[in-house]
Amino acid sequence: MRLVHDVGDGVVELNYMWLPTFIGMNKAVKDKIQEKIGAMFVREVLDDSSLAKMHEAVIQALVNEFPGIPGLEEYLRAIEHVREG
């Protein structure tokens, strides 16, 4: 699973339900991350490779946003191992 998902028609959303609650419920942080990632990937063709790059960018943005939380990066990377059923 990734921290971004393609919802169709060229739209990608932050997969906030898989984020820690203090991030996923924080609209200001979600909006900031979505805006930052959106600006980085304007006109990007949506495929597996670009979604993987976006996922990585979200992880880096969140780790940079919350540098004092030990284990945050490892938690976010662990989500990669969750498979949809």
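No value in this document is a laboratory result; all are computed from the given coordinates. Not measured: the values here are computed from a predicted model. Note that each Cβ is placed from the backbone with ideal geometry, even for glycine, and that neighbours are counted across all protein chains shown.
Please pick out the residue among Lys53, Lys36, Lys30 that is among the charged types (D, E, K, R), in contact with a strand residue (DSSP E or B) (Cβ under 9 Å, 6 or more places away or on another chain) and under 14 Å from Val4 (Cα atoms).
Step by step, each of Lys53, Lys36, Lys30 is checked, and only Lys30 is among the charged types (D, E, K, R), in contact with a strand residue (DSSP E or B) (Cβ under 9 Å, 6 or more places away or on another chain) and under 14 Å from Val4 (Cα atoms).
Hey, among Glu13, Glu35, Glu56, which residue is under 22 Å from Glu84 (Cα atoms), surrounded by fewer than 14 Cβ atoms within 10 Å (Cβ to Cβ) and among the acidic types (Asp, Glu)?
Matching residue, one of Glu13, Glu35, Glu56: Glu13.
Taking Asn64 as meeting all but one of (1) surrounded by 17 or more Cβ atoms within 10 Å (Cβ to Cβ); (2) out of contact with any strand residue (DSSP E or B) (no Cβ under 9 Å at 6 or more places or on another chain), write down the number of the exception.
(1)
Quick one: which helices (runs of 4 or more DSSP H) sit completely within the chain and have at least 2 residues that are touching a residue at least 40 places away in the same chain (Cβ under 8 Å) and touching a Pro at 6+ places or on another chain (Cβ under 8 Å)? So that I can check it myself, show each step before the final result.
Numbers: elements: 21-24, 27-40, 48-65, 72-78.
In the chain, 72-78 are the helices (runs of 4 or more DSSP H) which contain 2 or more residues that are touching a residue at least 40 places away in the same chain (Cβ under 8 Å) and touching a Pro at 6+ places or on another chain (Cβ under 8 Å).
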